[in-house]
Structure formats: C-alpha cells, structure tokens
Amino acid sequence: MGGQWKRTPLNVPLIDGLRPTSGRVRETLFNWLGQDLSGWRVLDAFAGSGALGLEAASRGAGSVVLLEQHPVLAKALRDVVQRLKAPQVAVHQTDALTWMAQAGARAAFDLVCLDPPFAQQWFDRALALAIDCVPPGGWIYLESPTPMQAPEPLTLRRQGQAGQVAFHLFQRKDATDSGTPA
C-alpha cells in the first residue's frame, strides 16, 4: 500500500478465484486519481483482500465501505481494519450487487471500485448498479478480463492492461458534460 500505511502487508486468505489487485495497478489508479483523497467517500464492492479500499483509506479517504460476501474474507478484512486502527473503514459481509441496488443514489460515493469475480460475468450489471451510487462527476473503477466501453452516463477517462486484467477508470458525466471533447 501507499500513503499512510505504506509498506504494510495485507495477509490475504487463500480463496479460490481471489485476485488481489496488484500493487502496480493500484499505483496506476491512484496516480490517475491523485495521491490525496482527503474526505472522499469510497465503496470497494467485491472487496476480496480489501486492497483498493484500504489503499484509498491510506490516502486520506474520509470513509470507506468494504463489501465482501465470503465469510472468511469478511473476517480477515475486519481483522485488518482493527489492526490498522482505521475507524473510517466499515466492513459489511453482504452481496455487493444487492447492497448497491438497495443503496442507489442515496449512497453518493466519490469513488466506487469494482472487481467482481471474473467467472461470474457480473461486469455490466455491477457497472450499471455503481452508476446510481456516484453523483455526477464521481468515479468508477472496474477490473475485467477484457476492455469495456463506457455505458451512459459514463465517460472512459483512462484504461490499462496488466496481464489478464483490463482496468478502467470511468467518470459519471455531469449536467454540463455533453460527452464530446471540447
């Protein structure tokens, strides 16, 4: 991790299908967003190791919500949050798709991180639900096995590829953004 908890290792349980976001990809994402996320509200859906959400907290995010359905991973996340003494980080053992569908627009996160299980093919559905969780101008980060296009009302701001993972940074258009470059 970078930021406040730089060089703090995350102990990640060995769970089939878990792919923690690599340090290189996290570094790229936070270079794109800026190093200081002071006061940001961040949702790390499908948290897994929690690397994305904890990185955001380490860089000053005011509140971070980690959603993880797997009980072993949710417990490991709670243990990490306790060890780091990170009261701004909340862990919920829940289904991320259901949680986002229920939270919707009242959630108003500055950044939603999506790294759904690749085998489930939930990319479009997760992205559609995340759109309602960010206000105009808000950010959505997505990992998928192949590059994806930006659905309305999102604009693809940056994307990259690391091994078998395509990663994307989308921004929700605001009322003045026609979607065409100036």
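The values are calculated or read from the model by the stated rules, or taken from the named source; none is laboratory data. All values reported here derive from a predicted model rather than from experimental measurement. Neighbour counts run over all protein chains shown; Cβ positions are idealised from the backbone, glycine included. Surface accessibility is based on the protein's heavy atoms, side chains included, excluding ligands, DNA and RNA. Shrake-Rupley method; radii C 1.70, N 1.55, O 1.52, S 1.80 Å.
For the criterion of being aliphatic (A, V, I, L, M), in contact with a Leu (Cβ under 9 Å, 6 or more places away or on another chain) and not in a strand (DSSP E or B), Leu156 fails.
Scanning the stretch 99-116 for residues that are within 13 Å of the chain's Cα centre (by Cα) and in a loop (DSSP other than H, G, I, E, B) returns Phe109, Asp110, Asp115, Pro116.
Counting the residues of the stretch 73-98 that are assigned to a helix (DSSP H, G or I), touching a strand residue (DSSP E or B) at 6+ places or on another chain (Cβ under 7 Å) and open to solvent by less than 60 Å² (accessible area, probe 1.4 Å) gives 4.
In the stretch 131-147, the residues that are within 17 Å of Phe46 (Cα to Cα) and in a loop (DSSP other than H, G, I, E, B) reach residues that are polar (S, T, N, Q) and at pLDDT below 95 with C-beta atoms within less than 7 angstrom, at least six apart or across chains, in these pairs: Pro145/Gln164.
Only one of Ile140, Ile131 is closer than 25 Å to Gly23 by Cα and either at pLDDT 95 or above or aromatic (Phe, Trp, Tyr) (or both); which?
Ile140
Here is the figure for the stretch 145-168: residues that are surrounded by 21 or more Cβ atoms within 10 Å (Cβ to Cβ) and either touching a helix residue (DSSP H, G or I) at 6+ places or on another chain (Cβ under 8 Å) or over 23 Å from Leu67 (Cβ atoms) (or both) total 2. Scan the stretch 130-148 for residues that are closer than 24 Å to Gln164 by Cα and within 15 Å of the chain's Cα centre (by Cα) and the total you get is 7.
Residues that are open to solvent by 10 Å² or more (accessible area, probe 1.4 Å) and in contact with a Gly (Cβ under 6 Å, 6 or more places away or on another chain) within the stretch 48-72 comprise Arg59, Gly62, listed in sequence order. Screening Ala119 on (1) over 13 Å from the mean Cα position of the chain (by Cα); (2) open to solvent by less than 40 Å² (accessible area, probe 1.4 Å); (3) touching a residue at least 60 places away in the same chain (Cβ under 8 Å) shows it passes everything except condition (2).
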